[in-house]
Ligand SMILES: Cc1cc2nc3c(=O)[nH]c(=O)nc-3n(C[C@H](O)[C@H](O)[C@H](O)COP(=O)(O)OP(=O)(O)OC[C@H]3O[C@@H](n4cnc5c(N)ncnc54)[C@H](O)[C@@H]3O)c2cc1C
């Protein structure tokens, strides 16, 4: 705790204790108030402003210090100043005092509480940010909750200070009015119980829960409004219809069938979606073959001579297809049918909140049927984003969707885009024998990645011969003497010039665009904003329609799609009895270039931007025995921790098998394990995973208790005699 906080805490505690030591609280009793009422009234007549001010200060101070007696002071306001002035004075003094108590608790304890219990408080924090005013209003309206506890506890949450103030002022007004009014007839009160009867307390409780009831009613009306104009079927063919059989849709259907729900999965193209057919699987298979070629070319440096390496591109693509074929059964219609899923092959269209039409091609004829369902999951994925560049229509361009049909290796391949897909495919084609030019308009590749990492990767890609053009903004495509050329704007030090980049084939890898149109969302009124808009339950504005995977964002990764699918399917099947909020706290992501780039949590740049203090520990994979033995000693592990604490904030690895090395940190971060535990775990020798132990060792050395070690050194000196 900082000195300032400690000082304030000491002052508050000292004042609080003094109030009891000097027995000041004895004056805050009904008997004393009644006994002194006449004197106080006379004092007010003689010195109105002074009495006003002194009363205000005493009220604010006693509330700020959480001293008992606010009720007496409020009665006193009525007894001395009358209903109007008394209410004004007591209301503002109570709110200001409460606000000071709130601010003190926030200043002294908020950071500590959030740091210590941050993870566990996430849901509460989110709730307070969203509905804090409602909760506070309810608590304020019900006089059963001790106000001083509310002030202190609210200070520890993330409710905005201004919200706390105005809700307190409004929420306490009614209760204050009751007590001030009672104070105007002080003589008739013999105990505090006379002020509020059980009936009145009951009325307050009803009033207190009113904001919560109102909120529930509003939510109900919102749901009703979304469904307005649609007739709900009396019964349903399915509990769940899932649209799209990619990573998100398959997992959704799997979970629904596992919990014995009746589920229909609709796919218009290929089972397995992008990941199996045009994404993760073919790209990794291609990278593997490219690595074989690369290693074969470099094997002679280790004494293995394989002669001239040639690549049979047709066979390479056959190999990629055969990998897809090998994995296909995992995602097949047969497998899912055996699991109890009703698989429909056709084009799905949502026609009402409870009905989906499937149009299939049956023996050359188009057939449409309508399926009713209690809930729907939209898992329609994304497609490559292809901007409307001038002249692009004259170029036979490739995307990650069409690339896999190539049967000839392009001599000169232009890759437009410096993201993970662009980098992976650039390296694969360069290694297979194309001359690759990679164009990126930003000043570095892989925008959100750690800057040092990108630097290490860029150097490696350049060393392999890829012509990386940073700060090059694609403008248009032209044909020059039968040759395709990209005209790009190259900017250096704010000076721009147009450059010509000729190519044989161009691959557009400029991001992916969610599939949100053409299947009924617009007509129904499902809200979208580039992706399908969902809340934390992955629910759209229609309470029984959910979305997950690339179509919902915010990450476009297979493992995130599957992760979301669990939440979407469980919520779709069990809402309103039990729901779960999607948790994105520990999301790993990997780019499978060589060296690989693996990330978890914050990068250094993100930590800086978020103003989050951090400590960096690095280990050079160039020093790692196994990496040296494998001739892959290039890269580093970088770990961000809370300063002086064994708590992981982020991990960034660039190096061989970085994705595999990351798994240890994913487990650690998910379960709150720190570097001490990683250091204390035996790692087999010689493995690449030892890098994790060594970086933990570096962190331990940097965080060694220096003072203690000085004493230990003295101890050893003493033992040596
Ligand atoms: C080249 C490339 C490499 C990638 N590499 C990786 C990687 O290494 N690791 C990783 O985690 N991610 C990777 N990804 C991303 C990953 O492929 C996606 O995040 C993942 O496929 C998303 O799954 P999804 O289920 O949301 O969508 P998809 O897999 O796209 O599935 C959506 C399905 O819905 C179907 N569909 C759409 N509309 C309808 C309709 N109206 N009716 C019926 N069916 C419909 C589509 O045909 C499709 O099959 C890569 C992507 C690409 C392009």
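Taking R0 as 56 Å, what FRET efficiency do you get between residue 50 and residue 112 from their Cβ-Cβ distance, rounded to the nearest 0.05?
On the way: r = 41 Å, r/R0 = 0.73.
Efficiency at R0 = 56 Å is approximately 0.85.
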*asked:* I want to check the label-to-label distance for residue 61 and residue 225. Put each point 7 Å from Cα in the C-beta direction and report it in nm to one decimal.
replied: 5.1
*Considering only DSSP beta bridges where both residues belong to the chain, give the percentage that are antiparallel (nearest 5).*
65
*How far apart, in nm, are two points set 7 Å out from the Cα along the Cα-to-Cβ line at residue 337 and at residue 702?*
5.8
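With 10 angstrom as the radius, rank 112, 699 by how many other C-beta atoms surround their C-beta, starting from the fewest. Provide the component values of the computation, followed by the final result.
Values: 112 12, 699 23.
Fewest-to-most Cβ neighbours within 10 Å comes out as 112, 699.
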*Residue separation times 0.36 nm, minus the C-alpha to C-alpha distance between residue 310 and residue 215: what's the value?*
27.3 nm
*Mind checking the angle between helix 690-702 and the chain's longest principal axis? C-alpha axes, 0 to 90 degrees, to the nearest 10.*
40
_FRET efficiency estimate (nearest 0.05) - Cβ-Cβ, residue 11 to residue 330, R0 41 angstrom_ = 0.05
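With only alpha-carbon pairs counted, each pair once and no self-pairs, how large is the Kirkwood hydrodynamic radius of segment 575-721 in angstroms? Numbers along the way, then the final one.
Numbers: mean 1/r = 0.0594 Å⁻¹.
Kirkwood radius, segment 575-721: 16.8 Å.
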*How much length, in nm to one decimal, is gained on full extension between residue 92 and residue 574, taken as 0.36 nm per residue of separation minus their Cα-Cα distance?*
168.9 nm
*Can you run the Rg to Rh ratio on segment 555-599? Use alpha carbon positions and the Kirkwood inverse-distance Rh.*
1.17
*asked:* Working only with C-alpha atoms, what are the Rg and Dmax values of segment 650-721, expressed in angstrom?
replied: 16.2, 52
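Based only on Cα atoms, what mean projected area does the convex hull of segment 235-348 have, in nm²? Don't jump to the answer; show the numbers that get you there.
Working: hull surface 36.4 nm².
Across all orientations, segment 235-348 yields a mean hull projection of 9.1 nm².
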*Separation in nanometres of the label points that stand 7 Å from Cα toward Cβ, at residue 610 and residue 393*: 4.6
*Rounded if a/c under 1.5, otherwise prolate or oblate - segment 295-365, Cα gyration tensor axes*: prolate
*For segment 342-485, treating each Cα as an identical point scatterer without solvent, what Debye log10 I(q)/I(0) comes out at q = 0.11, 0.16 1/Å?*
-0.63, -0.90
_For the chain: span of alpha carbons on each principal axis (Å, largest first)_ = 110, 91, 55
_Folded to 0 to 90 degrees: helix 111-141 orientation relative to the chain principal axis, Cα_ = 50
*What order do you get for 483-494, 407-418 when each peptide is scored by the mean count of other beta carbon atoms within 10 Å, highest first?*
407-418, 483-494
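Subtracting the Cα-Cα distance from 0.36 nm times the residue separation, let me have the gained length for residue 464 to residue 684 in nm, one decimal.
Details: separation 220, 0.36 × 220 = 79.20 nm, distance 3.19 nm.
Stretched out fully, the residue 464 to residue 684 stretch lengthens by 76.0 nm.
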_Rg/Rh (Cα only; Kirkwood hydrodynamic radius) as it applies to segment 405-502_ = 0.98
*Fewest first, what order do 586, 526 take by the number of other Cβ atoms within 10 Å?*
586, 526
*May I ask you to work out the translational diffusion coefficient for segment 1-54 at 4 °C, viscosity 1.567 mPa s, via Stokes-Einstein with Rh from the Kirkwood sum over Cα pairs, reported in whole µm²/s?*
94
*Taking the alpha carbon gyration tensor of segment 427-566, what are the square roots of 5 times its eigenvalues, largest first, to the nearest whole Å?*
37, 20, 15
*Could the peptides 629-637, 51-59, 74-82, 89-97 be put in order, highest first, of the mean number of other beta-carbon atoms found within 10 Å of their residues?*
74-82, 89-97, 629-637, 51-59
*Please report the orientation-averaged projected area of segment 347-397, defined via the convex hull of its C-alpha atoms, in nm².*
6.2
_Descending semi-axes in Å of segment 43-194, equivalent ellipsoid built from Cα gyration tensor_ = 32, 15, 12
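If you take the Cα Rg of segment 484-639 and divide it by 2.2 N^0.38 Å, with N the number of residues, what do you get? Mind showing how you got there, number by number?
Details: Rg = 22.0 Å, N = 156, 2.2 N^0.38 = 15.0 Å.
Relative to the rule-of-thumb radius for its length, segment 484-639 sits at 1.47.
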_Rounding to the nearest 10 and keeping the result within 0 to 90°, find how far the Cα-based axis of helix 161-183 lies from the longest principal axis of the chain._
20
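Quick note: the coordinates plus some simple rules give every number you see, no bench work behind them. Owing to the predicted nature of the structure, the values given are computational and were not obtained by experimental measurement. Every residue, glycine among them, receives a Cβ derived from its backbone with ideal geometry; neighbour counts consider all protein chains shown.
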